[in-house]
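The values are calculated or read from the model by the stated rules, or taken from the named source; none is laboratory data. It should be emphasised that the depicted structure is a prediction, and the values quoted were computed from it without experimental measurement. Ideal geometry is used to build each Cβ from the backbone, glycine not excepted, and the neighbour counts take in all protein chains shown.
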């Protein structure tokens, strides 16, 4: 195919004709909005109750859990906004739409989690050095109330946890629910044995759990924001699939990245022999079909090049993948 003719074929290779309106595997958008809105109200009520109980009962575990739950509020609000933004169509300025809004929200939320965890651990260490008698009855009843709220939110968003943004909410509230169980059990131990050190020890454990869960989300969201190769793909496998399409002689300059949850994008250069435009479009359709079938890559930009171009025709990144890659 002549160099002047390849641009028309390349224009047809963009994935805008595919459905980019994902529901994040979670259900209707209005249902998500309602759940997260109710979760914000319930969490604010819980935080107020825990702070009051922590003051009255002199318990650092409840105060730590209140701080932990307070960080849920920006998490839920940002996630709610991100889910709404992700459904917005592309614009002249945001040509890819707002699919990255959820990933950006997850990144910010993970940093909030890390800061909250460090604060909780520091306060707990200080209390561990100077134990204070705590009100175990308050610990037990408030932890049960918190378990009901956090457990309810966890179950409500459970189905959407494949979405990195929703997974932040799910992990955060799951951690809250587990910490509520630990606080309840710790209150029983303190009441039975008088071991006041159990209260700050629980605070340290809760903080460490939050730090661990936030680190994984921060690492994954950062990888996506830096245009990293999706974790479940190997560049060599994708190149081999393209090269197996009849008519393809070479594939190079392959880039694969994540636009949003379950929405992968690819761009590459493909060398084919001189041929009629109709034949080249059949090759293009076969490449796109293979990429979607084997790797779930639905947004593609494929540039055809005439076979026989000199090696210095373009920058290879990565190195050209020839048919011997299988």
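Quick notes
- Screening residue 214 against (1) crowded, with 21+ Cβ neighbours inside 10 Å; (2) within 30 Å of residue 288 (Cα to Cα); (3) modelled with pLDDT under 85 leaves a single unmet condition, (2).
- Those residues of the stretch 249-277 which are surrounded by fewer than 19 Cβ atoms within 10 Å (Cβ to Cβ) and assigned to a loop (DSSP other than H, G, I, E, B), in sequence order: 249, 262, 273, 274, 275, 276
- Only residues that are buried (at least 18 other Cβ atoms within 10 Å of the Cβ), modelled with pLDDT under 80 and part of a helix (DSSP H, G or I) were counted across the stretch 16-39, and they come to 3.
- Long-range neighbours under 6 Å by Cβ, at least six apart or interchain, first residue more than 24 Å from residue 44 (Cβ to Cβ) within the stretch 127-148, second modelled with pLDDT of 80 or more and exposed (fewer than 14 other Cβ atoms within 10 Å of the Cβ): 131/197
- Matching option when the condition is out of contact with any helix residue (DSSP H, G or I) (no Cβ under 7 Å at 6 or more places or on another chain) and part of a helix (DSSP H, G or I), among 177, 187, 239, 182: 239
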